[in-house]
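What follows is a set of notes on a single structure, which appears directly below.
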Amino acid sequence: MQSLAYIAKRLLLMVPTFAIVMVIIFLLVRLLPGDPAIAIAGDKASDADLAAIRERLGLTQPLLVQFWLFLTNTLQGDLGRSILMKAPALGVILDRLPTTAFLTLYAVTLSLLIAGPLAFVAALNRGRWPDAAIRAIFQVGLSMPVFYIGLVLLTFLAARARLFPVGGIGHGFLENLHQLFLPAMTIALYTSAIVMRNLRAAIIEVLDAEYVQFARAKGLPSRLILGRHVLRNALISTVTLLGLSIGNLMSGTLVTETVFAVPGVGRLMLEAIFARDYPLIQGLTLTFAVLVSAVFLLTDLVQSWLDPRMRLT
Amino acid sequence: MTRDTILEVRNLSTTFARAGRALPAVRDVSFTLGRGEVLGLVGESGSGKSVTLRSILGLSRHYGTVTGEVRWKGRDIASLSERALRSVRGREIAMIFQEPMSSLNPLLTVGMQLTEVLKAHTDLGRSERRRRAIEMLDHVGIPSAAARLDDYPHQFSGGMRQRVMIAIALAARPQLLLADEPTTALDVTIQAQILDLILGLAREYEMGVILVTHDLGVVAQTCDRVAVMYAGRIVEEAPVAPLLSDPRHPYTMGLMRSVPEGVAPRTALYSVPGTPPALDALPQGCAFAPRCPSASAQCTATDPALNRLAPGRSAACHHPVSLAKGDAA
């Protein structure tokens with residue numbers, strides 16, 4: 001019950017955020033030089049099409065009325081028609097969204113699987129060679145652009161060794177685990193470097209904490225000390241970091257989906273931008289805002305699950 | 001000493017390395033403890049008293065080099081592996097820390113932190129452990145203990161948290177409690193309650209206690225015997241009454257004079273002149289010589305050994321003082 005009330009409160013707090021996002025998206029088209037109807041319908045549109053758009057968006061009416069129309073249309077799921085896809089923008093986005101969601105979750109999972117154990121090894125061997133080696137390797141991952149890592153993986157693992165497909169997606173969960181391994185890995189290499197650094201530092205800090213000394217003095221098995229006392233405490237800051245880097249992950253999908261020809265919303269965004277497909281850009285911007293907000297909420301829920309001190313706020 | 005010896009620390013030294021320099025935090029410390037005895041370990045901050053305690057339980061070796069022997073019931077536990085030490089830690093020798101705020105895991109219920117000790121050291125089943133945990137919390141004076149088992153540390157006050165820590169430490173009925181300044185972080189009114197609790201439980205369980213403190217008042221109230229530490233060494237050791245009435249080491253005397261007692265209001269408080277030496281730059285000879293009123297050339301040349309002055313009394317000083325008898329040994 002308490003957590004339901006908390007979620008309700010958090011959702012309520014999102015209303016002002018979305019009001020601002022909606023204003024920005026609304027102004028995006030209207031502040032462009034020239035006729036917004038042409039921006040929205042594309043310059044090959046017929047006069048009849050333009051008239052229909054002007055009618056639907058109320059472009060002849062005052063700005064506030066236009067905003068109200070835009071707001072009610074959006075809330076009813078009408079994001080306009082994509083010029084590029086010649087279909088309703090919402091449908092196009094929802095079509096592509098699962099692929100990107102899968103890719104992002106896959107990348108996050110890989111990041112944690114890579115970074116978690118290595119952070120522990122590095123932290124427990126602080127200052128000795130395993131620590132130095134792990135940190136050096138991740139430093140390389142951090143200092144290279146995402147698309148370059150992607151191209152290297154493509155060249156060696158896909159084109160030469162033929163271990164993985166060069167691009168595209170497959171059908172079903174298992175097939176996509178294989179199909180999307182390289183793009184997910186491309187994103188994960190960067191993300192895991194950040195997670196590893198953060199988690200390593202957090203583990204080192206927690207290892208020196210008095211409650212860990214106390215846990216040792218209690219004669220607990222070291223696996224229990226690491227799992228129950230150290231990991232949970234160290235994860236708190238890492239969860240925050242992962243939540244905050246969702247924006248980074250999203251822009252990571254823009255590049256990665258393009259390099260690996262993955263039909264997700266990231267690549268769709270690039271296509272929409274190049275085609276000046278404003279309805280689609282608007283829809284995608286809104287989608288990203290919703291996703292980021294959802295991830296922030298999820299982060300806070302995980303936090304309060306991990307840390308009882310945060311439950312009362 | 002009529003009591004049989006339960007702990008014997010021999011030539012214990014702990015050295016940390018910082019920025020390539022050796023920091024000898026504990027230097028050649030030896031002492032014994034009888035069954036049910038309360039030993040005070042007194043000294044200023046940085047004198048090595050906390051590190052001595054942690055070295056006994058093998059907690060210091062993660063951070064530095066520990067040499068010497070810690071003979072517990074006849075076997076040297078300093079040489080045991082982490083795994084083998086687990087059956088001593090918490091079960092036979094327990095430890096409580098200074099800060100009840102930071103010594104309890106903020107993410108786990110006190111019930112979990114209590115029962116996990118019982119799980120590690122007893123064969124009790126789940127519900128038995130829970131029952132025993134409630135018993136323990138009740139015993140250390142936590143009101144409505146059963147209802148508080150699922151509470152988190154931040155839901156307790158400082159004094160109550162310290163009680164929880166004591167309950168956790170004593171859950172497996174250890175025979176020795178290492179108490180690292182257990183009352184320093186607490187209000188004065190709570191301090192006495194916690195000390196009484198520790199002493200009462202020590203008597204009840206026939207448990208030895210090594211109490212680290214910088215407070216001579218606490219020592220006077222609680223300890224049977226006292227070891228005074230300075231710059232990592234024990235400089236004087238004696239039963240509590242003779243030590244307080246008749247200190248032999250100039251440093252002990254200085255410590256006693258800095259306790260404001262019978263001092264007229266608005267007079268300057270006495271403090272031992274100077275500051276303790278940096279551990280990575282210990283002077284040659286006696287580490288206290290630069291601050292000592294009776295230092296001689298001998299003192300700056302050779303470090304005095306801890307010499308036996310009388311039965312149960314020893315001091316590491318070339319020129320031990322005596323207030324009561326007025327003679328130098």
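Structure data summary
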| quantity | calculated |
| --- | --- |
| Enumeration of residues in region B:86-110 that are more than 7 Å from chain A (Cβ to nearest Cβ), surrounded by fewer than 20 Cβ atoms within 10 Å (Cβ to Cβ) and part of a helix (DSSP H, G or I) | B:101 |
| Among residues of region B:283-319, those that are in contact (Cβ under 8 Å) with a residue 24 or more places away in the chain, assigned to a loop (DSSP other than H, G, I, E, B), of a type in the set (Gly, Ala, Ser) and closer than 18 Å to residue B:29 by Cβ, counted | 3 |
| Flag for residue B:191 being within 30 Å of residue B:320 (Cα to Cα), part of a helix (DSSP H, G or I) and modelled with pLDDT under 90 | no |
| Region B:117-163 - residue that is surrounded by 15 or more Cβ atoms within 10 Å (Cβ to Cβ) and of a type in the set (S, T, N, Q) and, of those, nearest to the other protein chains (Cβ to nearest Cβ) | B:155 |
| Hey, residue A:100 farther than 30 Å from residue B:105 by Cβ, touching an Asp or Glu at 6+ places or on another chain (Cβ under 8 Å), buried (at least 19 other Cβ atoms within 10 Å of the Cβ) and in contact (Cβ under 8 Å) with a residue 24 or more places away in the chain or not | yes |
| Hits in region A:225-242 - residues which are facing another protein chain (nearest Cβ under 7 Å) and not charged (D, E, K, R) | A:229, A:233 |
| Test: residue in region B:73-85 that is of a type outside the set (Gly, Ala, Ser), within 11 Å of chain A (Cβ to nearest Cβ) and within 25 Å of residue B:194 (Cβ to Cβ) | no |
| Filter result for the condition that a residue is in a helix (DSSP H, G or I) and without any contact (Cβ under 8 Å) to a residue 12 or more places away in the chain, over A:115, A:123, A:119, A:136 | A:136 |
| Residue within region A:194-201 that is touching a Phe, Trp or Tyr at 6+ places or on another chain (Cβ under 6 Å) and under 26 Å from residue A:120 (Cβ atoms) present | yes |
| Qualifying residue in region B:44-52 (condition: more than 13 Å from chain A (Cβ to nearest Cβ), of a type in the set (Asp, Glu) and touching a strand residue (DSSP E or B) at 6+ places or on another chain (Cβ under 7 Å)) | no |
| Boolean, residue A:259 is modelled with pLDDT under 90, closer than 20 Å to residue A:185 by Cα and in the same structural domain as residue A:157 (by TED's automatic domain parsing) | yes |
| Top-ranked residue of region B:34-55 - restricted to ones that are closer than 13 Å to residue B:211 by Cβ and of a type in the set (Val, Ile, Thr), ranked as surrounded by the most Cβ atoms within 10 Å (Cβ to Cβ) | B:52 |
| Residue B:228 vs. criteria part of a strand (DSSP E or B), more than 14 Å from every other protein chain (Cβ to nearest Cβ) and at pLDDT 90 or above | yes |
| The one condition in (1) within 30 Å of residue B:56 (Cα to Cα); (2) in contact with a Pro (Cβ under 8 Å, 6 or more places away or on another chain); (3) touching a residue at least 24 places away in the same chain (Cβ under 8 Å) that residue A:211 fails to fulfil | (3) |
| Some residue of region A:204-219 being within 17 Å of the chain's Cα centre (by Cα) and either surrounded by fewer than 17 Cβ atoms within 10 Å (Cβ to Cβ) or within 14 Å of chain B (Cβ to nearest Cβ) (or both) | no |
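The values are calculated or read from the model by the stated rules, or taken from the named source; none is laboratory data. Being a predicted model, the structure only gives us computed values, none of them experimental. Because the Cβ atoms are built from the backbone with ideal geometry, glycine has one as well, and the counts that use them run over all protein chains shown.
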